[in-house]
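What follows is a short report on a single structure.
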Amino acid sequence: MRDTHTLLRIVLLAACLTGVGIGRAQPPGPAPAALPQFGQIEERCGAGVAPRGPDFAASGLILTAFSRDALWVVDLDRGSRYPLPETRPCGQTCRPSPDRRWLLYVSPETATYWMMRADGTGRTPAFPYYVSELDWWDAEHWLAWPTAGLPGIYPIGTPATEATPVRLNAFEVYSVQPGGYHGLRIAADEEGRPLLELTNLQDGESLALTEVRPGFGAADWSPDGTRLVYTGAGAHDESAGLNGAELFLVDLAGEPEPARLTDLAAAYGAVYIRGKNARHAVSWSLDGRYLAFWVLEATDLDLAADPGPATIHILDTQTGLTVLYCGLTASPGGLTLPELVWSPDGRYLAFGLDEAGDGRPPILYALDTVTGDFTEVTEGMYAANGTYDPVMWAAR
């Protein structure tokens, strides 16, 4: 919830410059989760990639960017797109509501947080004064990070100047559990290596999750906040000379003990999950069942190394089955891959790609997760934050 880019860039740069974790095997992570299809990977190639036609059944509104001066709406039902006035392309400063009907954004005129419907209507100030960060704590409360002091939980609909917020003991966390009282922070172990820790904001007790270094330490809360997924080191790949990434889960509704969700090393050897990005390694479906993520070969810890093509995978957290979608691959530049944004009905994923050398503008794609078909929705996307990221997919 609090912007982690600067903090994690410093941590990862220090890890690279000092050689932390490079060239040495990591200890094994938590035990596999008790899932009936743990580690199984199924290919779903579909019919490949095709332009949008009359059979494309996805509907709703996709918010993304086609220029540097505005956020845009792609109206799938009407086959049109249009810019939203008084907005700017956004990354972490844009926060979809839990039901994906509202968008929290920063007004370029006032530099304060506002909210609007996905089509740009219903605009209203979300918070009356400047805060360094604002997000949905749950559907009825804001989580506000002041410029100084402790973060607070405010009821939505009550003027903040009249509300008595619930203050949280931040314990140096940079992200707070939606609807809960856990947070994430980065601390140093006895040897000075950065660690991702899960911290109880009520008593300060912390659980070390994984070492933070290139490719490991990204974490994402489930939509309801009851679970946390993070990337950590899997088995050591002797041929590559390094550990690949795996997904690990912490169930916060019970005893918060991590369990491994994937066994990608068994199928591929060492891989990265989404690359070396510290933010949003995975994308949760709105019902909290599925995890979508990019997988690419981990050939070298050098940030400039060519990782090879990346493919979309989806993990069923109830069964453990992972589906590989092989109809389209991405060629990441500098290990940078776009966000995967779920449709409201949980069937489609939206994302943008600019394939070097194809002579075409960057394209907004939609993946039908049932058939494995990829559709070219529209072209001309703008890389507002270095990648071609949709912001939200909402129902009309």
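The values are calculated or read from the model by the stated rules, or taken from the named source; none is laboratory data. Predicted model, so just to flag it, every value in this text is computed and none were measured. Neighbour counts run over all protein chains shown; Cβ positions are idealised from the backbone, glycine included. For the accessible areas, the whole protein counts, side chains as well, though only heavy atoms, and no ligand, DNA or RNA atoms are used. Shrake-Rupley method; radii C 1.70, N 1.55, O 1.52, S 1.80 Å.
Tell me, what is the per residue accessible area of the chain in Å², probe radius 1.4 Å?
43
From Cα pairs below 8 angstrom and at least 6 apart in sequence, can you work out the relative contact order of the range 220-272, rounded to a whole percent?
Here the relative contact order equals 31 percent.
May I ask you to evaluate 6.51 cos²θ - 1.76 cosθ + 1.60, the Karplus curve with θ = phi - 60°, for each residue of the range 249-261 and list the ³J(HN,Hα) values in order in whole Hz, giving x for glycine and proline?
Going residue by residue, I get 10, 10, 8, 7, 7, x, 6, x, 9, x, 9, 7, 9 Hz, with x marking Gly and Pro.
Name the residues whose placed amide hydrogens come within less than 5 Å of the amide hydrogen of ASN243, ignoring near sequence neighbours (fewer than 5 apart) on the same chain.
GLN26, ASP237
Over the chain, what is the mean sequence separation of C-alpha contacts under 8 Å (at least six apart), divided by residue count, expressed as relative contact order in percent?
19
Could you tell me what percent of the DSSP beta bridges with both partners in the chain are antiparallel, to the nearest 5?
95
So what is the 222 nm mean residue ellipticity for the chain from helices alone, if each DSSP H run of at least 4 adds -39500 (n - 2.57) and you divide by all residues, rounding to the nearest 500 deg cm²/dmol?
-1500 deg cm²/dmol
When the accessible area of the chain is computed with all protein chains present and a 1.4 Å probe, what percentage of it is carbon and sulfur? Walk me through the intermediate numbers first.
Numbers: 8450 of 16960 Å².
Reported share for carbon and sulfur atoms: 50 percent.
Roll a 1.4 Å probe over the protein heavy atoms and report the accessible area of VAL391 in Å², nearest 10.
30
Name the long-range amide H neighbours of ARG227: under 5 Å, sequence gap of 5 or more, or other chain; modelled H, no Pro or chain starts.
The list, which skips near neighbours in sequence, is SER222, LEU252.
Under unit Cβ charges (Lys, Arg +1; Asp, Glu -1), what dipole magnitude, rounded to 20 debye, does the range 89-235 have relative to its Cα centre?
It comes to approximately 480 debye.
Once the whole set of protein chains is in place, how much accessible area is left on PHE56, using a 1.4 Å probe, in Å² to the nearest 10?
It works out to around 40 Å².
Report P(r) for the chain: all Cα-Cα distances, bin width 20 Å, range 0 to the bin holding the largest distance, values in whole percent.
All Cα pairs considered, the percentages come to 28, 60, 12, 0.
Using a 1.4 angstrom probe on the protein heavy atoms only, line up ASP55, ASP119, ASP69 by accessible area, largest first.
Heavy-atom accessible area, descending, gives ASP55, ASP69, ASP119.
Please report, in debye to the nearest 20, how large the charge dipole of the chain is about its Cα centre when each Lys and Arg carries +1 at its beta carbon and each Asp and Glu carries -1 there. Intermediate results must be reported in sequence, preceding the final value.
Details: 27 positive and 49 negative charges, 166 e Å.
In total the dipole reaches around 800 debye.
Near the amide H of TRP102, under 5 Å away, which other amide H atoms are found, from residues 5 or more places off or on another chain, if H is placed in the peptide plane?
Hits under the 5 Å cutoff: SER97.
GNM, the chain, Cα, under 10 Å: largest mean-square fluctuation among ASN385, ASN200, ASN169?
ASN385
Dipole of the chain (Lys/Arg Cβ +1, Asp/Glu Cβ -1, origin at the Cα centre): which of CYS94, THR147, PHE127 lies farthest to the positive side?
Highest projection toward the positive end goes to PHE127.
What value in Å³ per residue do you get for the convex hull of the alpha-carbon atoms in the range 112-254?
About 152 Å³ per residue, rounded to a whole number.
How big is the accessible area of SER59 in square angstrom, nearest 10, if you roll a 1.4 angstrom probe over the protein chains?
60
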